[in-house]
Amino acid sequence: MRFLKLYRNKICAVSFASLGVITFVLQSIFYGLEFGWNVYVQSPFRMISVLITLVVFVMLLVTNIQNDNRAISAIFMFVFMVAWGAFLSLIPTSSDLNLYGAFSGNGLLVTLAVFELLFTAATVGAGVTFYVFLVRYTMGRTPFGRCFLWSLLFLGALVISGVLETALFFTLFTPDKFLALYLALNIFPDLFMGAAVVFTLLRLKRL
């Protein structure tokens, strides 16, 4: 019990980071098997994006395992990456589920689409604010409590956005095992790593 009390933050950080890495690798393999491995060859941007994400995820995992304070750099990269990705998802495209749901005329779809859009925007806002306070915290200009609060708000926005995206997806499409697996592998990696970030901050609190 004393061991768990002393190392619970590290254990939780490593556990969530491990789940994040595993689900991200499975997501990449699943995508290649479903759409063909040529999608990576024909799209260098997609390949580079996958490699960068994997490096950030593994960096957060390894630095937590090694009790390395450079985990803070991995947090910076992860928060920037997620906030930027959420920002890009706000740009309307022809395949945008939010756009389809918002103009479907179905009250439930419209509600889900609007709230998913709002919480995606909240993810961007919370991510940017968390990033700023994290910079200030490392410089000794912001108390830990304020920085930690924004890490929780960032994770909360990620979770709610993921739940709403799931609800919107299954309202638009007939649920089956394939869709459930596909959606889980697209949402869970960021959620797991977001939780890992929260516990990593607690581990680094002594800084």
How do Tyr131, Tyr137 rank by accessible surface area computed with a 1.4 Å probe, from largest to smallest?
Tyr131, Tyr137
Shape category assigned to the stretch 7-93 from the gyration tensor of Cα positions, a/c cut at 1.5:
prolate
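The values are calculated or read from the model by the stated rules, or taken from the named source; none is laboratory data. No experiment lies behind these values; they were computed from the predicted model shown. Just so you know, the surface numbers come from the protein's heavy atoms only, side chains and all, with ligands and any DNA or RNA stripped out. Shrake-Rupley method; radii C 1.70, N 1.55, O 1.52, S 1.80 Å.
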